[in-house]
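Notes follow once the structure below has been shown.
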Amino acid sequence: MKKVVKFGGSSLADSGQFRKVGAIIRADESRVYVVPSAPGKRFSGDIKVTDMLIEAYRIATEGGDLNAQMEEIKARYDEIISGLGLDFSLDDEFKTIIKTLEDEPTLDYAASRGEYLNGLVMANYLGYEFIDPYDVIFFNEEGNLNSYKTAKVLSARLEKTPKAVIPGFYGQGKDGKVKTFTRGGSDVTGSVVAAAARVDVYENWTDVSGFLLADPRIIRNPVPINTITYRELRELSYMGASVLHEDAIFPVRSKGIPINIKNTNRPEDEGTWIVESTARKPKYTITGIAGKKGFCSYLITKAMMNSEVGFCRKVLSAFEENNINIEHMPSGIDTMTVVVHEDEFLEKEQKVVSAIHRLSQPDTVEIDSGIALIAVVGRGMKSQRGTAARIFSALAHARVNVRMIDQGSSELNIIIGVANEDFETAIKAIYDIFVITQL
């Protein structure tokens, strides 16, 4: 049995948290590869080290004096080092970082140093070998992960390294410079390492005991999700569930490696298992509810639309040429609705309308804004009759008007559009009927 363990910033915010992490790793000999994030917030109102480093980059680009900012960052690491009683210093590393930021500052380099420094501390604390992701994780010219080269180089390195610390969040770009994933990308690093090492489990440790069925900011004490499939997770992550970076499932999915979301502060909790498939029956018909506000829709109407070959392609070309991403596209015989993020299209709305008319000659184009989308997701939905009826009954009872419905043929999820102001009310109504009353 071999495991990759990734720890988030809140799990490594100070020396006390570091000790918890050390105890967790040492409690299980199979936890052989460790992926640390940069130190996060120690308390409400605190600043994450990554944000402090980004501020250092800003100071450097404006020609300011870096010393005060870097001393403040160094103090965070010195507290961890002294609190752990380590005979170890990062003085030389900070000199190198300051010189690099003064001579050739790049945002990705600055943002990545939090993980890099924390990785050095973690390796010294555990007595594990340190592997710099710059040497083993690669990006292509488009800035995306070069999966083939990374797998080849990283696998060869890990074969010779029984225990290692590999910091998260960054690697080497095509231009030879440090390149980062998007924020939260340490989750992706952990997944890449798990796939390259062909481990049995990828444990992702954070400050919550796995996924919850709904947003705790809306639902008080929502029930936890014990097991969720990759597909269900993708749907929920896309619609705002943010415990795990949505791209983290791809490297392990192809290898059949499960992800276990665990709580550093409650290591005894089982957490949530993310798997490719499972015979376990979900406790509730739905696995989760998630959503976002701030969408708008284009309703395109044209008589006999269904008999015109290429009509959808022409309409979508109008969005493509204006560089607008499409979220959902429910349609009827003579109507087609295109849903987009409101903040992406506001400055381009009339350009898009003009392009739609030019490319597809519709009868009318109507724009509707202020829409919130809610995804009701669950592998148990396809085996239960009347799921949609229960959703709409709950919404009707809560006096929420449904402005859009979109259900995929997989029957894994139902997307519902409501007014922004009805967003929280709708989620509460759906949660109530499936979890609390279970009517």
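The values are calculated or read from the model by the stated rules, or taken from the named source; none is laboratory data. In this text, all values refer to a predicted model and were calculated from it rather than measured experimentally. Cβ coordinates were reconstructed from backbone atoms using ideal geometry, including for glycine residues, and neighbour counts include every protein chain displayed. These accessible areas exclude ligands, DNA and RNA; they are computed on the full protein's heavy atoms, side chains included. Shrake-Rupley method; radii C 1.70, N 1.55, O 1.52, S 1.80 Å.
Determine the order of HIS357, HIS328 by accessible area, beginning with the largest, at a probe radius of 1.4 Å.
The most accessible residue leads, giving HIS357, HIS328.
Quick check on packing: order 3-10, 234-241, 338-345 by the mean number of other C-beta atoms within 10 Å, highest mean leading.
Going from most to least packed, we get 3-10, 234-241, 338-345.
Take each of the peptides 415-424, 60-69, average the number of other beta-carbon atoms within 10 Å over its residues, and list them starting from the highest. Don't skip to the end; give the middle numbers.
On the way: 415-424: 19.1, 60-69: 13.1.
In descending order of packing, they fall as 415-424, 60-69.
From zero up to wherever the largest Cα-Cα distance of region 52-163 sits, split into 5 Å bins and tell me the percent of pairs in each.
Spelled out per bin, shortest first, that is 2, 10, 18, 18, 17, 16, 12, 5, 1.
Might you report the magnitude of the Cβ-based charge dipole of region 30-142 about its Cα centre, with Lys and Arg at +1 and Asp and Glu at -1, to the nearest 20 debye?
Around 540 debye, computed over region 30-142.
So for the chain, averaging the separation of alpha carbon pairs under 8 Å that are six or more residues apart and normalising by length, what relative contact order in percent results?
13
Just the number, please: Stokes-Einstein D of the chain in µm²/s, Kirkwood Rh from C-alpha pairs, 25 °C, 0.890 mPa s.
102
Among the lysines, select those whose C-alpha is under 16 Å from the C-alpha of LYS351, and discard any that sit fewer than 8 residues away in the same chain.
Cα-Cα hits under 16 Å: LYS314.
Under 25 Å from the Cα of LYS174, which lysines turn up, not counting those fewer than eight places away in the same chain?
Filter leaves LYS99, LYS149, LYS152.
How much of the accessible area of region 249-301, probe 1.4 Å, is carbon plus sulfur, in whole percent?
Numbers: 1150 of 2410 Å².
Summing carbon and sulfur atoms, their accessible area is 48 percent of the total for region 249-301.
List the DSSP H helices in the chain whose Cα atoms stretch 27 Å or more along the helix axis and whose mean Kyte-Doolittle hydropathy is at least -1.0.
107-126
Per DSSP H run of n ≥ 4, the term is -39500 (n - 2.57); total these for the chain, divide by its residue number, and report the mean residue ellipticity at 222 nm rounded to 500 deg cm²/dmol.
For the chain, the value works out to -11000 deg cm²/dmol.
Report the gain in length on full extension from MET1 to PHE250: 0.36 nm times residue separation, minus Cα-Cα distance, nm rounded to one decimal.
Full extension from MET1 to PHE250 adds 87.5 nm.
Setting aside same-chain residues fewer than 8 positions from LYS262, which lysines have a Cα under 18 Å from its Cα?
The reachable lysines, counting only those whose Cα sits under 18 Å from LYS262, are LYS2, LYS3, LYS6, LYS20.
What's the local net charge at MET381, with K and R +1, D and E -1, over the other residues with C-beta under 15 Å away? Working shown, then result.
Numbers: positive: ARG231, LYS281, LYS283, ARG379, LYS382, ARG385, ARG390; negative: GLU232, GLU235, ASP406, GLU411.
Every neighbour counted, the sum reads +3.
Which of TYR125, PRO162, PHE139 sits closest to the plus end of the dipole of region 124-164, meaning its Cα is farthest towards the positive end, when Lys and Arg get +1 and Asp and Glu get -1 on the C-beta?
Value: PRO162.
First check a/c for region 119-175, with a ≥ b ≥ c the square roots of the eigenvalues of its C-alpha gyration tensor; if it is under 1.5, answer rounded, and if not, answer prolate when a/b is larger than b/c or oblate otherwise.
oblate
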